[in-house]
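The values are calculated or read from the model by the stated rules, or taken from the named source; none is laboratory data. Quantities reported herein were computed from a predicted structural model and do not represent experimental measurements. So basically every Cβ, Gly included, is an ideal-geometry build from the backbone, and we count neighbours across all protein chains shown. These area figures cover heavy atoms from the full protein model, side chains too; ligands, DNA and RNA do not enter into them. Shrake-Rupley method; radii C 1.70, N 1.55, O 1.52, S 1.80 Å.
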Amino acid sequence: MSEQGDALLTHVSEQGDALLAVDGLAKHYGGVRAVDGVSFEVPRGSLTGLIGPNGAGKTTVLGMVAGAIKPDHGSILLDGRSIAGLPPYRAAHRGVIRTFQAASVFPRLTVMENLLLGVPPWSGEGISASLFLRRKWHREERAQLMHARELLDRLDLTQHADSFAGELSGGQKRLVELGRAMMTKPSLLLLDEPMAGVSRTLVPVIEGLIGELREEGMTVLLVEHELGVVERLCSPVIVMAQGRVLIQGEMAECRAHPEVRRAYLVG
Ligand code: ATP
């Protein structure tokens with residue numbers, strides 16, 4: 001554990017065990033130190049905020065945890081087991097699911113089909129999907145359909161189930177993306193600016209939904225620029241600037257920290 005990590009983790013370790021532990025994580029692009037020795041923990045069952053000015057390195061950190069970006073250095077432990085450098089599909093198998101800054105849906109598939117694409121592979125998939133397993137396969141399929149219908153209802157998208165996802169508003173696409181992530185029942189949900197491109201009316205809906213996920217015990221790492229949202233939803237909060245972690249703590253503590261103020265003023 002790095003010296004910086006030791007100092008920063010004190011606060012979080014008191015709250016319970018970590019689902020995600022990142023230590024000394026680094027990613028450089030030529031001379032750009034996008035992420036430069038970052039250490040933090042995400043406590044199990046927490047909704048942890050990851051904030052910082054533009055270019056701080058937040059998306060690059062999410063990309064490394066989700067397997068889309070290979071770290072140059074550092075460790076990433078999920079439940080004590082390394083996931084550093086795993087390709088995204090293997091990180092997803094381990095329960096790490098990510099949403100993107102621009103809501104990503106399959107525009108020529110229906111809303112229902114988009115949700116069902118989030119389902120992890122059937123246990124009867126592939127060679128073993130033989131006659132013997134057909135009944136089990138159908139049972140799983142029915143269960144997933146029911147789960148998808150429940151989610152559509154919860155997301156107020158039932159009336160759009162058969163519409164092409166590409167026809168929805170930006171906020172509704174975001175709801176579809178969140179629904180697809182929820183279909184997988186992730187162990188760690190990484191949300192990259194879920195309010196981006198969402199109309200004012202849908203922002204509180206998405207905020208409420210994320211709050212509910214926290215109440216249900218899901219572990220979430222949330223990148224968000226709107227600090228009011230972070231203050232209402234997140235504990236703890238990690239603040240990054242210029243590829244490094246400045247502080248980790250409650251939002252009120254972070255706001256008061258002089259380095260955080262300076263980082264936000266400088267941008
Ligand atoms: P924002 O809030 O604006 O999305 P961020 O905190 O998510 O910013 P990153 O997108 O992780 O920041 O970028 C961190 C730094 O790394 C920035 O200076 C960015 O320009 C640089 N960077 C990110 N990806 C690449 C890349 N593929 N090649 C070169 N530089 C990159």
I'd like the accessible area for Y89, computed on protein heavy atoms only with a 1.4 Å probe and all protein chains in place. Round to 10 Å², please. 150 Å²
For the chain, restrict the atom set to alpha-carbon positions and state the Rg and Dmax in Å. 19.2, 66
Using the alpha-carbon atoms, what tilt in degrees (0 to 90, nearest 10) does helix 3-13 show relative to the longest principal axis of the chain? 60 degrees
In a solvent-free Debye calculation with one equal scatterer on each Cα, what is log10 I(q)/I(0) for region 189-260 at q = 0.24, 0.28 Å⁻¹, listed in the order of the q values? -1.17, -1.38
Would you mind calculating the gained length between A196 and L145 on full extension (0.36 nm times residue separation, minus the Cα-Cα distance), in nm to one decimal? 15.5 nm
The answer for the longest stretch of the chain without any exposed trypsin sites (Lys or Arg not before Pro) (DSSP loop, at most 10 further Cβ atoms within 10 Å) is 1-107
Keeping the other protein chains in place, figure out the carbon and sulfur percent of the accessible area of the chain, with a 1.4 Å probe. 54 percent
In sequence order, what are the phi-derived ³J(HN,Hα) couplings for region 252-261 according to the Karplus relation 6.51 cos²θ - 1.76 cosθ + 1.60 with θ = phi - 60°, rounded to whole Hz, with x for glycine and proline? 4, 4, 4, 4, 7, 6, x, 5, 5, 4
Obtain the nm distance between the two label points defined at L109 and L77 by a simple spin-label model: each point lies 7 Å from its Cα along the Cα-to-C-beta direction. 3.6 nm
Would you mind checking the tilt of helix 170-183 against the longest principal axis of the Cα atoms of the chain, expressed as 0 to 90 degrees and rounded to 10? 80 degrees
